[in-house]
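K.L.:
The structure is given below, and queries will be raised subsequently.
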Amino acid sequence: MTDVLDNTAVFTSDGLLAQGVVPEGAPLGPSSGKKNPLSAAEMRRLLTAADPRRKRTDLIMRALVIAAFVLAMAPLVSLLWTVISHGANRVFNRFPEFFHQSMRGVFGGMDAGGILHAIAGTVMITLFATLISVPIGMLTAIYLVEYGRGPLARATTFFVDVMTGIPSIVAGLFSFAVFSIVFGPGVRLGIAASAALSVLMIPVVVRSSEEMLRLVPNELREASYALGVSKWLTILKVVLRTSVAGLTTSVLLAIARVIGETAPIMITAGVADSLNWNPFSGRMMSLPVYIYRQYQMGVVPCRPDQVDCLADINFMRAWGAALTLVFIIMLLNALGRLVTRWFAPKLK
Amino acid sequence: MGQRIDVEHLNIYYGDFLAVQDVSMVIEPNSVTALIGPSGCGKSTFLRTLNRMHEVIPGARVEGLVEMDGVNLYDPDIDPVAVRRNIGMVFQRPNPFPTMSIRDNVLAGVKLNNKRISKGDADALVESSLAGANLWNEVKDRLDKPGSGLSGGQQQRLCIARAIAVRPQILLMDEPCSALDPISTLAIEDLIQELKNDYTIVIVTHNMQQAARVSDKTAFFNIAGTGKPGRLIEMNDTPTIFSTPAVKATEDYVSGRFG
């Protein structure tokens, strides 16, 4: 009991001391009972005291933020508008031939030709690239988040970071070289393009999936362990299930990152005019390469008496293909949003 | 039926750091044992060693014996996953699985383990577990709604239902009421009294009134200073700890003038 009394005494004397030291007018603690309550007018003055400097800063920062937003949006809107205005003509006037014809037997200024072979190539190459990179990337992310400790995990993270910076043309040359060694020099295959794109996709999948898996609260893992669930089933049924929406987004982001690649596909899958659905045999066209090829061919030298010759047919086809590519990417994003909504944890 | 736990000379380490030193205690079957003590004294760490949950943290290890009815939980042939199936745990913050309905949360122990269960058995298990956690009447009409839509107290009872649905022998509770309001706390304390008939319960709490209300035995843990290991200071029948404790530190702590 004496203990407590001692403590109280010390506290009181401290308080008294403090009271003597505090100068008049300084903000006072509860130890001062002398301060008169403020009048309503004084209180109003305290609470409304305008700070012109803060208001000015606020205004300037607001303007900066809005300006930055407009600056960022302007090129995007302009780009979309350009693609639509240039591409719509070919796409809608030639609908649906533009989508079910290839460039087989199309030459000169003929008012014909389509992008079916390019769509087929883009779809198959991207599909196989996704099939290769998603399992590798996701298992790597699971390793890094759930198992990775020590030097191996650090090395993995380092090399994934390095891979993120590989220029796409280098990835294309790498894949071309590997496939040339295995299948003979100068081989062109859709799957070689998929391999090149995988080199670009894997680091994106790893990094973004890793972020998503780290977002899963540890409490959920512990809840699962405490029910006697093994680590692997916990990862499969709790961690992956909880983050599936985010993982879908990361896969779609990775696809969007590579679907517009031109150089690595041109090196590995080559250029083609006819339809080929088989990535394991023969050259394959893709939308970006198609756009590049059409643009490269340029203006067609039409004779003045030729009626069925369109001088700028190649440009029209290129813009039509560009519009299609943008549309496919937007479709993928919309799909991603839907999947996110379906799988998101519900509250009600 | 609840089981008995014997702990002998248990040292708990995180890497090289000795977190809890030389704990020996006996936890009687079908009793409620409360672990009290200041923050950082190793109560939760000790609790987590009872079902090998501390091993989830890298570098954590123990020396000494933790025996459940004579079987050392740390023998090399013991599977920690099986240990946790028999010694359930309820955490400080309610943590129902956000992607699952109330029903699926109760069945989580079965479903996450890929076990097959007939619909009739599942329905019976859901009802008995939720009834055991005093939650059945509140949620029986919305079993397919997400578990995270419940109130905090209901969520915590859902977590208790989930824990008892795997039919453990022992239930560990790590401050189960610290995130709850007084009414929900009361509901859980009542529940603990009922669960005592079927399980052995060990509860960590910062609330000494709660320890006094719900427990049969109380163990007081303390720490000598930062960086020093936590120790078991005293363990006895709850009324004795709160009225005539043997150690001065215990008296200071339970009477609220610690340190």
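The values are calculated or read from the model by the stated rules, or taken from the named source; none is laboratory data. Being a predicted model, the structure only gives us computed values, none of them experimental. Here the Cβ positions follow ideal geometry from the backbone for every residue, glycine too, while neighbour counts run over all protein chains shown. Just so you know, the surface numbers come from the protein's heavy atoms only, side chains and all, with ligands and any DNA or RNA stripped out. Shrake-Rupley method; radii C 1.70, N 1.55, O 1.52, S 1.80 Å.
K.L.:
Among (1) among the aromatic types (Phe, Trp, Tyr); (2) free of Cβ contacts under 8 Å to residues at least 40 places away in the same chain; (3) out of contact with any Leu (no Cβ under 8 Å at 6 or more places or on another chain), there is one condition A:Phe183 misses while meeting the rest; what is its number?
P.N.:
That leaves (3) as the condition not met.
K.L.:
Confirm whether A:Ile142 is outside the structural domain of A:Glu210 (by TED's automatic domain parsing), among the hydrophobic types (A, V, I, L, M, F, W, C), farther than 22 Å from A:Phe280 by Cα and in contact (Cβ under 8 Å) with a residue 24 or more places away in the chain.
P.N.:
no
K.L.:
Can you tell me which of (1) among the aromatic types (Phe, Trp, Tyr); (2) open to solvent by 40 Å² or more (accessible area, probe 1.4 Å); (3) outside any loop (DSSP other than H, G, I, E, B) is the one A:Phe98 doesn't meet?
P.N.:
Failed condition: (2).
K.L.:
Among the listed residues A:Phe327, A:Phe315, A:Phe343, A:Phe280, identify the single one that is within 14 Å of chain B (Cβ to nearest Cβ) and out of contact with any strand residue (DSSP E or B) (no Cβ under 8 Å at 6 or more places or on another chain).
P.N.:
Exactly one residue qualifies, and that residue is A:Phe343.
K.L.:
Within the stretch A:160-193, can you find the residues that are touching a Pro at 6+ places or on another chain (Cβ under 9 Å) and surrounded by fewer than 12 Cβ atoms within 10 Å (Cβ to Cβ)?
P.N.:
Across the stretch A:160-193, the qualifying residues are A:Val162, A:Gly165.
K.L.:
Of all residues in the stretch A:209-229, how many are facing chain B (nearest Cβ under 8 Å), open to solvent by 40 Å² or more (accessible area, probe 1.4 Å) and within 13 Å of B:Val56 (Cα to Cα)?
P.N.:
Total meeting the criteria: 1.
K.L.:
Scan B:Ile233, B:Ile241, B:Ile192 and give me the residue that is over 20 Å from B:Ala133 (Cα atoms), among the hydrophobic types (A, V, I, L, M, F, W, C), part of a helix (DSSP H, G or I) and at pLDDT 90 or above.
P.N.:
Step by step, each of B:Ile233, B:Ile241, B:Ile192 is checked, and only B:Ile241 is over 20 Å from B:Ala133 (Cα atoms), among the hydrophobic types (A, V, I, L, M, F, W, C), part of a helix (DSSP H, G or I) and at pLDDT 90 or above.
K.L.:
If I filter the stretch B:59-78 for residues that are without any contact (Cβ under 8 Å) to a residue 24 or more places away in the chain and either facing another protein chain (nearest Cβ under 9 Å) or part of a helix (DSSP H, G or I) (or both), do I get at least one hit?
P.N.:
No, the stretch B:59-78 contains no residue that is without any contact (Cβ under 8 Å) to a residue 24 or more places away in the chain and either facing another protein chain (nearest Cβ under 9 Å) or part of a helix (DSSP H, G or I) (or both).
K.L.:
Considering only the stretch A:233-248, I want to know if a residue exists there that is within 14 Å of another protein chain (Cβ to nearest Cβ), touching a Leu at 6+ places or on another chain (Cβ under 8 Å) and in a loop (DSSP other than H, G, I, E, B).
P.N.:
The answer is yes, given that some residue of the stretch A:233-248 is within 14 Å of another protein chain (Cβ to nearest Cβ), touching a Leu at 6+ places or on another chain (Cβ under 8 Å) and in a loop (DSSP other than H, G, I, E, B).
K.L.:
Right, something else. For A:Ser198, work out the one condition from (1) open to solvent by 30 Å² or more (accessible area, probe 1.4 Å); (2) in contact (Cβ under 8 Å) with a residue 12 or more places away in the chain it doesn't fulfil.
P.N.:
Result: A:Ser198 passes all but (1).
K.L.:
Do you know which of the residues in the stretch B:138-157 that are within 11 Å of chain A (Cβ to nearest Cβ) and either under 27 Å from B:Thr45 (Cα atoms) or in a helix (DSSP H, G or I) (or both) is least open to solvent (accessible area, probe 1.4 Å)?
P.N.:
Taking the candidates together, the pick is B:Gly147.
K.L.:
Which count do you get for residues in the stretch B:158-177 that are away from chain A (no Cβ under 14 Å) and open to solvent by 20 Å² or more (accessible area, probe 1.4 Å)?
P.N.:
0
K.L.:
Now for a separate question. Considering only the stretch A:293-318, state which residues are assigned to a helix (DSSP H, G or I) and open to solvent by 60 Å² or more (accessible area, probe 1.4 Å).
P.N.:
A:Arg293, A:Tyr295, A:Gln296, A:Met297
K.L.:
Something else about it: Restricting attention to the stretch B:26-47, which residues are open to solvent by less than 10 Å² (accessible area, probe 1.4 Å) and part of a strand (DSSP E or B)?
P.N.:
Scanning the stretch B:26-47 gives B:Ile27, B:Val32, B:Thr33, B:Ala34, B:Leu35, B:Ile36.
K.L.:
Show the residue pairs meeting these rules: Cβ distance below 7 Å; 6+ apart or different chains; first residue within the stretch A:90-112 and acidic (Asp, Glu); second residue open to solvent by 70 Å² or more (accessible area, probe 1.4 Å).
P.N.:
A:Asp111/A:Asp308
K.L.:
Sticking with this structure for a sec: If I ask for residues that are touching a Gly at 6+ places or on another chain (Cβ under 9 Å), of a type in the set (Gly, Ala, Ser) and open to solvent by 40 Å² or more (accessible area, probe 1.4 Å), which ones from the stretch B:178-218 would you list?
P.N.:
Answer for the stretch B:178-218, where residues must be touching a Gly at 6+ places or on another chain (Cβ under 9 Å), of a type in the set (Gly, Ala, Ser) and open to solvent by 40 Å² or more (accessible area, probe 1.4 Å): just B:Ala179.
K.L.:
Would you please name the residue that is farthest from the other protein chains (Cβ to nearest Cβ), looking only at residues in the stretch B:84-125 that are of a type in the set (Lys, Arg) and assigned to a loop (DSSP other than H, G, I, E, B)?
P.N.:
The selected residue is B:Arg116.
K.L.:
Return a yes/no flag: does the stretch B:128-137 have any residue that is in contact with a helix residue (DSSP H, G or I) (Cβ under 7 Å, 6 or more places away or on another chain), open to solvent by 40 Å² or more (accessible area, probe 1.4 Å) and more than 14 Å from chain A (Cβ to nearest Cβ).
P.N.:
yes
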